[in-house]
Amino acid sequence: MNFTEFLTTGNLVPLILKPALIVLGFIYLIYAIAIFRQTQVMAKTLIVSNDWIIVFISFIQLVVAIILVAVPFVIL
Amino acid sequence: MGETEKTSHDLFHSFCVRPDVRFDTQEDGEVVILMLRAHPITQLPWIISGIILIVLLIFANVVFFGFLTPPQILIINLYSVIFIASYLWLNFLLYFFNVGIVTNMKVLDIDFHMVLYKETTEARLDRIEDVTAKMGGYFASIFNFGDVFIQTAGTEANIEFLKVPRPSEVVSIVNKLGES
């Protein structure tokens with residue numbers, strides 16, 4: 001899972017995968033925050049019945065984004 | 001005005017007469033007569049793209065299964081599924097919240113560009129000078145959708161309802177409301 005492993009096995013995947021997924025996770029977290037905030041703005045602009053479902057799904061997306069940031073540290 | 005007196009939600013809520021919706025700049029006594037979204041058939045490209053991405057993910061799992069360890073496969077699948085779900089969700093939000101609204105007082109066009117930019121254009125019915133419907137292409141003719149352009153007097157912004165169902169009916173409703 002580190003540079004030593006790459007030198008001994010020649011396998012690039014573990015060396016690249018973890019940092020790439022961490023960066024991806026942070027980018028996705030920023031995106032999820034933006035979508036969540038904007039969904040709230042959208043729901044205030046156009047008020048429909050049961051619009052809490054839409055805001056809730058965007059909130060789930062935000063929670064998933066936080067989990068995604070943590071996952072590479074835990075599994076890889 | 002018989003066609004606008006009864007509540008109806010046609011074509012996956014893309015042509016709603018007297019819907020149970022409100023908007024942030026709604027005035028007292030203002031009633032929503034018509035709410036329009038893009039025709040559902042115009043949403044097919046992103047739906048098909050989503051299906052193709054899911055098929056590609058399944059294909060990639062079959063091809064690369066032997067090259068990666070189980071945790072790596074799990075994580076790559078997890079990220080891919082979330083990416084596809086986010087793509088579909090973003091497009092649904094854009095479809096759902098980009099609406100055109102006709103009330104008994106004014107016409108509104110609410111647009112969210114790539115979700116992050118909000119644009120609301122309003123024109124009072126008594127300021128409307130010309131309403132035009134444009135239909136072009138095979139799909140538009142077959143499924144009866146097109147663009148409605150509403151020109152206003154003076155310096156007020158013009159309003160566009162793009163790819164909405166039954167454009168001729170929309171023109172008729174706006175004209176009748178403008179006359180009354």
Condition check: out of contact with any Ser or Thr (no Cβ under 6 Å at 6 or more places or on another chain), of a type in the set (S, T, N, Q) and within 17 Å of B:Arg166 (Cβ to Cβ). Does B:Thr132 satisfy that? yes
Top-ranked residue of the stretch B:130-175 - restricted to ones that are aliphatic (A, V, I, L, M) and in a strand (DSSP E or B), ranked as most open to solvent (accessible area, probe 1.4 Å): B:Leu162
So which residues in the stretch B:5-34 are out of contact with any helix residue (DSSP H, G or I) (no Cβ under 8 Å at 6 or more places or on another chain) and of a type in the set (S, T, N, Q), if there are any at all? B:Thr7, B:Ser8, B:Thr25, B:Gln26
Could you tell me whether the stretch B:63-74 includes any residue that is away from chain A (no Cβ under 14 Å) and either part of a helix (DSSP H, G or I) or within 29 Å of B:Ala140 (Cα to Cα) (or both)? yes
Within the stretch B:66-90, the count of residues that are among the hydroxyl-bearing types (Ser, Thr, Tyr) and open to solvent by less than 50 Å² (accessible area, probe 1.4 Å) comes to 3
Selected residue [closer than 21 Å to B:Ile48 by Cα and in contact with a Gly (Cβ under 7 Å, 6 or more places away or on another chain)] from B:Ala133, B:Ala140: B:Ala140
Search the stretch A:57-76 for residues being at the interface with another protein chain (Cβ under 9 Å from one of its Cβ atoms) and of a type in the set (Gly, Ala, Ser), and hand back the single one that is nearest to B:Phe97 (Cα to Cα). A:Ser58
Of all residues in the stretch B:91-117 being at the interface with chain A (Cβ under 7 Å from one of its Cβ atoms) and farther than 19 Å from B:Leu11 by Cα, which is most open to solvent (accessible area, probe 1.4 Å)? B:Leu116
Scope the stretch A:28-56; condition open to solvent by 40 Å² or more (accessible area, probe 1.4 Å) and facing another protein chain (nearest Cβ under 7 Å); matching residues: A:Val41, A:Lys44, A:Ile47, A:Ser49
Can you name the residue in the stretch B:118-128 that is away from every other protein chain (no Cβ under 11 Å) and not acidic (Asp, Glu) and, of all such residues, is farthest from B:Trp46 (Cα to Cα)? B:Arg127
Strands (runs of 3 or more DSSP E) wholly inside the stretch B:1-53 containing at least 2 residues that are open to solvent by 30 Å² or more (accessible area, probe 1.4 Å) and away from every other protein chain (no Cβ under 13 Å): B:8-10
How about the stretch A:18-27: which of its residues are within 10 Å of chain B (Cβ to nearest Cβ) and open to solvent by 70 Å² or more (accessible area, probe 1.4 Å)? A:Leu24
Can you find a residue that is of a type in the set (Asp, Glu), farther than 18 Å from B:Leu11 by Cβ and in contact with a Gly (Cβ under 9 Å, 6 or more places away or on another chain) anywhere in the stretch B:118-126? yes
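The values are calculated or read from the model by the stated rules, or taken from the named source; none is laboratory data. Just so we're clear, the structure is a prediction, and the values are computed from it rather than from any experiment. Quick reminder, even Gly has a Cβ in these numbers, built from the backbone with ideal geometry, and neighbours come from all protein chains shown. What goes into the accessible areas is simple: the full protein's heavy atoms, side chains included, and nothing from ligands, DNA or RNA. Shrake-Rupley method; radii C 1.70, N 1.55, O 1.52, S 1.80 Å.
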